[in-house]
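All of the numbers you see were taken from the coordinates with simple rules; none came from a lab. Since the model is a prediction, treat every value here as computed from it, not as a measurement. With ideal geometry, Cβ positions are generated from the backbone for all residues, glycine too; neighbour counts draw on all protein chains shown.
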Amino acid sequence: MSMSSADVLQFVASGLQNGAIYALMALGFTLVFASTGIINFAQGEFFMLGGMLAAAGMAAGVPLGVSVLAAVAATTLVGCLVERLALRPARSAGGLALVIITIGCSMLIKSGARHLFGPDERALPAFTAGEPLSVGGALIEPQAVWVLVLALAAAVGLTVLYRWTKMGLAMRACSISHDAARIVGVDTARVVMLSFGLAGALGALAGAVVAPITQTAYDVGARMGLKGFAAALLGGLGDPVGAIVGGFVLGLLESGAVAVVSGTYKDAVALVVLLVVLVLRPQGILGRHLGEKL
Amino acid sequence: MNAFRVRQWFGVIVAMAMLAVPLVVTDRYVLKVLTFVGVNAIVVVGLALLFGFAGQVSLGHAAFFGVGAYASAFLTGTLGVPWLGAVALAVVLACVVGWAVAVPSLRLKGHYLAMATLGFNEIMSVVFVEARAVTGGNDGLGNIPFPSIGPLELRSPTALCVLVWAVALAVALAARNITLSRPGRAMRALHATEPGALAVGIDVAAVKVRVFALSAGLAGLAGALYAHAVGFISPSSFGLDFSILLMAAVVLGGRESLLGPLAAMTAFTLLPYSGALLPGIPRAVAETIQDWVPDLVGLTVVLTLIVRARGASLRFATRKQAEAGEDS
């Protein structure tokens, strides 16, 4: 099988575009995991809400930019509500029960979206009109540039928040020990709620920015959640830098599989990655140790 | 007559009454719905063993259900294998696939196992659509032969319903025996504490793999029966939504219970058909109920777990008292 350098570049470009989306999703998983130690199965629904709410806003005549921002804001609120209304009251149950509650929430969000927006696919226009850019023979849609730029902006913003703000310090403290954080005066309940809010914002951003390329529907959440989780695990759960690296690695692996094998089972790549990492290296490619958490 | 005998007789009477239901009901549509109840009962008993007793969550049981359905349909319809042999092979295949999923997942606990099995279900959803030669793709697989043993063919809705319910009853009784015997105690022990189970000499890994394979096999058996009872299958019946519904039934039905998940799954199965089952109900109401079943299930899961988390200490205390009273 021969492939020109333009073909290779095309696959790399599409891998980076998908990878940026997976990175945003992985960041959502990782933030919640760092502050609570649980996997949030509703993360995929945050992705779905971003695209669907933005599309609904557009359909109602709201300008695109405002629609997208409002969709991200509304999903942030949904994230906070999931924590406050469903998880906090059951906190004492711990572990698996909380995870199953997020599965219940994901059902509610998905079904709610179907009631609100109907079962049909929805499209969102590209953020900026224009011809595809030609880079070394590969064609890159302007929307793909938006995906990369916004993902990068979100990653930088999150790094600033995590490293250099008081809230970020509190979040890092919670990821080490809730009890210790509480002793030094951190409002842990608020930190957990904030991490769910941020996870909502990241998921919604991913969902809205990729909707012009892939379209969206009420039931796209689960599969995207699976990929975001695989990316987060690949980079090491709870590690924001790892999440971003994991996202891009998964995106490129998928692209490679499509190029070398076929596009039919593209979605299987994430599961294979998930199982291989879980079995061989549960701390991720960058992680050091996670022993007791598994 | 001691309490155990009374309960045994009660069980026999309930079983007879249940098997009599399909004989009394004549409406074809209601019989079909009752057949679904029986099929789902078989799957949920398997998941109750795995999740409710052994504490191992699975979000992939719809896929095992699908493996059984497609395998049996393909074996009978395309390859001409006799029905009984096809069903047996379908069960074996589902067991083997379950075993193959369970072995690498052994190292995973709780949420990781949930995510891995969810991934398995998503992949199988793709396979059911893409492997057209076997599954017929999105158009589905039709003209699946009716169950037959030699010259005897079960065609009537009543016969199909009795067959499914008889199998469901046998499965439920077998499962109950398992839970009361040594493997059942091992399952409960590893659910309660894995190090503790190891310490008393239980081969935790082997128990987990066996119960996973058994549970997958039961889902496969239900799938095979479903395929032959309805005559047509398509990928939409084997999606993640069904896996989550099964999990919800076990959550609602309670830990270490077979009757609880059975009752919950029966309710979840009947809800969408309330229009056909309750003659007086207005059409609009029935449609609304059907439309809101997922919301109801999701809400039930969330509320059940919240209530249990908040009431756990209280319930634990009362149960202790009850046990103390029984012993004395």
**Fill in**
Here the net charge surrounding residue A:112, from other residues whose Cβ is less than 14 Å away from its Cβ (Lys, Arg +1; Asp, Glu -1), is -2
**Asked** Between the helical axis of A:142-164 and the dominant principal axis of chain A, each derived from Cα atoms, what acute angle in degrees is found, rounded to the nearest 10?
**Response** 20
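Between residue A:281 and residue A:8, what's the calculated FRET efficiency when r is the beta-carbon distance and R0 is 25 Å? Round to 0.05. Could you put the intermediate results ahead of the total?
Values: r = 28 Å, r/R0 = 1.12.
According to the calculation, E is roughly 0.35.
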**Message:** Explain nothing, just the number: relative contact order of chain A, from Cα pairs under 8 Å at least 6 residues apart, as a whole percent.
**Reply:** 37
**Fill in**
If each part is reduced to its alpha-carbon centroid, region A:52-87 and region B:194-261 end up apart, in Å, by 37
**Asked** For helix B:259-270, what angle does its Cα long axis make with the longest principal axis of chain B, in degrees from 0 to 90 and rounded to 10?
**Response** 30
**Prompt:** Could you give the dipole magnitude of region A:18-174 about its Cα centre, charging the beta-carbon of Lys and Arg +1 and that of Asp and Glu -1, in debye to the nearest 20?
**Reply:** 700
**Fill in**
Expressed in nanometres to one decimal, the distance between label points 7 Å along Cα→Cβ at residue A:66 and residue B:293 is 4.1
**Fill in**
residue A:255 neighbourhood, Cβ < 14 Å, K/R = +1, D/E = -1, net charge -1
**Complete:** The extension gain from residue A:177 to residue A:152, computed as 0.36 nm times the residue separation minus the Cα-Cα distance, is 6.1 nm
**Request:** Just grab the label-to-label distance for residue A:184 and residue B:259, each label 7 Å out from Cα along the Cβ direction, in nm (one decimal).
**Result:** 5.4
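Subtract the Cα-Cα distance of residue B:303 and residue B:153 from 0.36 nm times their separation in residues, and report this length gain in nm to one decimal.
Working: separation 150, 0.36 × 150 = 54.00 nm, distance 4.58 nm.
Here the answer is 49.4 nm.
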**Complete:** If R0 = 41 Å, then residue B:146 and residue A:272, at their Cβ-Cβ distance, give a FRET efficiency to the nearest 0.05 of 0.60
**Asked** Which of rounded, prolate, oblate describes region A:1-128, given a ≥ b ≥ c as roots of the alpha-carbon gyration tensor eigenvalues and a/c under 1.5 marking rounded, otherwise prolate only if a/b is larger than b/c?
**Response** oblate
**Message:** Output the 0 to 90 degree angle, nearest 10, between the alpha-carbon long axis of helix B:293-327 and the longest principal axis computed from the alpha carbons of chain B.
**Reply:** 40
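Counting helices only, and only those DSSP H runs with n ≥ 4, report the 222 nm mean residue ellipticity of chain A as the sum of -39,500 (n - 2.57) divided by its residues, in deg cm²/dmol to the nearest 500. Display every interim value, and only then the final one.
Details: 11 runs with 206 residues, N = 294.
Per the formula, -24000 deg cm²/dmol.
Sorting A:128, B:35 on the 10 Å Cβ count, fewest up front, what's the list? Spell out each step's value before the answer.
Values: A:128 11, B:35 24.
With the fewest neighbours first, A:128, B:35 line up as A:128, B:35.
Tally Lys and Arg at +1 and Asp and Glu at -1 over the other residues with C-beta under 14 Å from the C-beta of residue A:160: what net charge comes out? Let's see the in-between values first.
On the way: positive: A:163, A:166, A:172; negative: none.
Net of charged neighbours comes to +3.
Using a 10 Å cut-off around each Cβ, can you sort A:36, A:75, A:264 from fewest to most neighbouring Cβ atoms? Walk me through the numbers on the way to the answer.
Details: A:36 23, A:75 30, A:264 13.
Lowest count first: A:264, A:36, A:75.
With a ≥ b ≥ c taken as the square roots of the eigenvalues of the C-alpha gyration tensor of region B:27-291, please select rounded if a/c is under 1.5 and otherwise prolate if a/b is larger than b/c or oblate if it is not?
Values: a/c = 1.63, a/b = 1.35, b/c = 1.21.
Since a/c reaches 1.5 and a/b is larger than b/c, the shape of region B:27-291 is classed as prolate.
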**Prompt:** How big is Rg to Rh over region B:213-267, alpha-carbon atoms, Rh as the Kirkwood inverse-mean-distance radius?
**Reply:** 1.00
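Rank these for me by crowding, A:244, A:213, going from fewest to most other beta carbons within 10 Å.
Values: A:244 27, A:213 18.
So the ranking, lowest neighbour count to highest, is A:213, A:244.
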**Request:** Please report the relative contact order for chain B, taking Cα pairs under 8 Å with a sequence separation of at least 6, and give it as a percent rounded to a whole number.
**Result:** 31
**Fill in**
In whole µm²/s, the translational diffusion coefficient that Stokes-Einstein assigns to the protein assembly as shown, given a Kirkwood hydrodynamic radius over C-alpha pairs, 10 °C and 1.306 mPa s, equals 62
**Fill in**
So the FRET efficiency between residue A:135 and residue A:115, C-beta based with R0 = 41 Å and rounded to 0.05, is 0.45
**Prompt:** Taking the Cα centre of each part, how many Å lie between region A:5-41 and region B:285-304?
**Reply:** 32
